[in-house]
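So the structure is just underneath, and the comments pick up after that.
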Amino acid sequence: MQLPREVTVGKGTLTRVVEVAQRLGLSGSALIIAGKKSCEVAGKQVHDLLKQTGMNVDTLLVEKVTLKDLLPIEEKIKTLKPRVLIGVGGGTKIDAAKLSSARQHIPFISVPTTLSHDGIASPLASVKGLDKPYSIMAQAPLAIIADTDIIAQAPWRSAISGCGDVIAKFTAVKDWQLAHKEKNEYYGEYAASLALMSTKIVTQNAKLIQPGNDEGLRVLLEALISCGVAMSIAGSSRPCSGSEHLFSHALDMINCPHAMHGEQCGVGSVLTAYLYKTNWKRIRDTLKQIGAPTTAAELGVKDEDLVKAFEMAATVRPERYTILHKLKLDHEACEKVAKITGIIS
Ligand SMILES: [Zn+2]
């Protein structure tokens with residue numbers, strides 16, 4: 001079980017990068033992976049702060065992150081031999097740092113500048129160009145430094161996506177319990193409880209999660225970090241990724257406009273909560289309260305594409321048993337569920 005050793009959350013915490021590095025015994029050299037924007041808002045400051053301590057610091061700017069784009073990062077790691085890789089940015093930059101550092105056997109520090117999904121703290125990474133459309137095991141961050149002053153500057157839509165990703169854990173855990181009961185799959189009560197607690201806390205605090213509310217942002221941030229820890233404890237994405245994630249991955253695979261990951265997972269969770277005959281309306285209403293999409297139109301997806309994704313979701317990962325694998329819904333049944341839940345008209 002790999003867990004982060006230092007988690008620093010709050011206003012102005014970016015400046016603590018030096019003491020965190022020192023406490024972790026990281027000296028010598030560091031390589032920062034950032035995008036152009038995230039370098040401006042945080043990467044440059046991390047670079048300068050570490051440099052002032054006498055560390056040898058380099059920054060590598062990346063934009064697109066596909067499997068191919070990891071090669072120059074790994075080459076740079078081989079040449080510079082940094083003690084640590086620091087991923088500064090949204091999900092893709094952090095995933096690039098996570099996966100390339102894991103492949104080169106050096107630790108990485110996560111410095112999120114947006115809160116669009118739970119990858120900021122998880123041991124899993126999702127990179128385009130892999131033979132699978134979902135996340136693969138990489139490594140957990142050695143430390144997470146999340147400065148809410150910086151995160152507050154990101155487009156609000158990314159926080160909405162992060163909320164959708166957390167709320168979706170409700171059905172992810174239901175699927176895990178189902179797989180345990182019917183397929184005798186390993187189930188970890190502690191990891192499942194941690195993921196569910198994150199959903200519960202975000203749901204209870206939905207009214208705080210609004211632009212300009214630091215407390216709300218902090219609630220979301222801690223929920224996303226807890227989800228990452230839940231995956232570390234479970235040793236897989238099981239507590240955080242079930243049928244609703246398969247729906248989102250299926251949507252990504254279809255040639256149609258896509259919404260953000262957490263937005264798609266939120267809608268997926270409404271669909272599959274209905275299949276569990278549980279309180280799907282509560283999930284929908286919480287998403288609405290936060291300002292997240294609850295219909296195909298709000299996702300920017302055509303009704304027929306949404307139904308197609310719902311129908312093909314189980315085939316994305318046949319080995320990950322969920323309610324979709326159990327019920328094996330045909331096109332008509334999928335359409336009916338999407339209509340009853342008001343997701344399509
Ligand atoms: Zn997710």
Checklist outcome for this item: Residues in segment 233-246 that are within 13 Å of VAL166 (Cβ to Cβ) and within 10 Å of the ligand (Cβ to nearest atom) total 4
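Suppose the filter is touching a strand residue (DSSP E or B) at 6+ places or on another chain (Cβ under 8 Å) and either open to solvent by less than 10 Å² (accessible area, probe 1.4 Å) or charged (D, E, K, R) (or both); does SER161 pass it? If you could, list the steps in order and put the result at the bottom.
Details: touching a strand residue (DSSP E or B) at 6+ places or on another chain (Cβ under 8 Å): no; either open to solvent by less than 10 Å² (accessible area, probe 1.4 Å) or charged (D, E, K, R) (or both): yes.
It is false that SER161 is touching a strand residue (DSSP E or B) at 6+ places or on another chain (Cβ under 8 Å) and either open to solvent by less than 10 Å² (accessible area, probe 1.4 Å) or charged (D, E, K, R) (or both).
Each row is one residue, and each column tells you yes or no for (1) at pLDDT 95 or above; (2) open to solvent by 30 Å² or more (accessible area, probe 1.4 Å).
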residue: THR15; (1), (2): yes, yes
residue: GLU40; (1), (2): yes, yes
residue: THR59; (1), (2): yes, yes
residue: VAL62; (1), (2): no, no
residue: LYS68; (1), (2): no, yes
residue: ILE86; (1), (2): yes, no
residue: ALA96; (1), (2): no, no
residue: HIS105; (1), (2): yes, yes
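Given the options ARG218, ARG238, name the one that is charged (D, E, K, R) and open to solvent by 30 Å² or more (accessible area, probe 1.4 Å). I'd like the intermediate steps shown before the answer.
On the way: ARG238 fails: open to solvent by 30 Å² or more (accessible area, probe 1.4 Å).
Among ARG218, ARG238, only ARG218 is charged (D, E, K, R) and open to solvent by 30 Å² or more (accessible area, probe 1.4 Å).
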Next on the checklist: Given the condition outside any helix (DSSP H, G or I) and free of Cβ contacts under 8 Å to residues at least 60 places away in the same chain, answer yes or no: does some residue in segment 216-223 qualify?
Outcome noted: no
Checklist entry - From the list ALA159, ALA168, ALA179, which one is closer than 22 Å to ALA97 by Cα and at pLDDT 95 or above? => result ALA159
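Anything in segment 102-120 that is out of contact with any helix residue (DSSP H, G or I) (no Cβ under 7 Å at 6 or more places or on another chain) and either outside any loop (DSSP other than H, G, I, E, B) or under 20 Å from LYS44 (Cβ atoms) (or both)? List them, or say none. So that I can check it myself, show each step before the final result.
Step one: filter segment 102-120 for residues out of contact with any helix residue (DSSP H, G or I) (no Cβ under 7 Å at 6 or more places or on another chain), giving 102, 105, 109.
Residues satisfying the conditions are ALA102, ILE109.
Being more than 14 Å from the ligand (Cβ to nearest atom) and surrounded by 18 or more Cβ atoms within 10 Å (Cβ to Cβ) narrows it down to one of ALA168, ALA223, ALA230, ALA192, so name that one. Lay out the reasoning, then the answer.
Working: ALA168 fails: more than 14 Å from the ligand (Cβ to nearest atom); ALA223 fails: more than 14 Å from the ligand (Cβ to nearest atom); ALA230 fails: more than 14 Å from the ligand (Cβ to nearest atom).
Among ALA168, ALA223, ALA230, ALA192, only ALA192 is more than 14 Å from the ligand (Cβ to nearest atom) and surrounded by 18 or more Cβ atoms within 10 Å (Cβ to Cβ).
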Checklist entry - ILE144: touching an Asp or Glu at 6+ places or on another chain (Cβ under 8 Å), more than 16 Å from the ligand (Cβ to nearest atom) and either without any contact (Cβ under 8 Å) to a residue 12 or more places away in the chain or not in a loop (DSSP other than H, G, I, E, B) (or both), yes or no? => result yes
Checklist entry - Somewhere in segment 294-312, is a residue at pLDDT 95 or above, buried (at least 21 other Cβ atoms within 10 Å of the Cβ) and within 14 Å of the ligand (Cβ to nearest atom)? => result no
Item to check | Counted residues, segment 119-133 - those being in contact with a strand residue (DSSP E or B) (Cβ under 9 Å, 6 or more places away or on another chain), open to solvent by 10 Å² or more (accessible area, probe 1.4 Å) and within 14 Å of the ligand (Cβ to nearest atom) | outcome: 2
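Could you check segment 1-101 for strands (runs of 3 or more DSSP E) lying wholly inside it with 1 or more residues that are free of Cβ contacts under 8 Å to residues at least 60 places away in the same chain and over 17 Å from ALA143 (Cβ atoms)? Even if it seems obvious, please write down each step before you answer.
Details: elements: 6-10, 29-34, 56-61, 84-89.
Because the criterion is at least 1 residues that are free of Cβ contacts under 8 Å to residues at least 60 places away in the same chain and over 17 Å from ALA143 (Cβ atoms), the strands (runs of 3 or more DSSP E) in segment 1-101 that meet it are 56-61.
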Checklist outcome for this item: Scanning segment 247-265 for residues that are within 12 Å of the ligand (Cβ to nearest atom) and either among the basic types (Lys, Arg) or under 19 Å from THR171 (Cα atoms) (or both) gives PHE247, SER248, HIS249, MET260, HIS261, GLY262, GLU263, GLN264, CYS265
Checklist entry - What pairs can you find where one residue is in segment 268-292 and over 16 Å from ALA206 (Cβ atoms), the other is among the acidic types (Asp, Glu), and their Cβ atoms are less than 6 Å apart, with a gap of 6+ or different chains? => result GLY268/GLU244; THR272/GLU244
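The values are calculated or read from the model by the stated rules, or taken from the named source; none is laboratory data. Just so it is clear, the model here is predicted, and its values are computed rather than measured. When we count neighbours, we look across all protein chains shown, and the Cβ atoms used for this are built from the backbone with ideal geometry, even at glycine. Heads up: the accessible areas ignore ligands, DNA and RNA and are worked out on the full protein's heavy atoms, side chains in. Shrake-Rupley method; radii C 1.70, N 1.55, O 1.52, S 1.80 Å.
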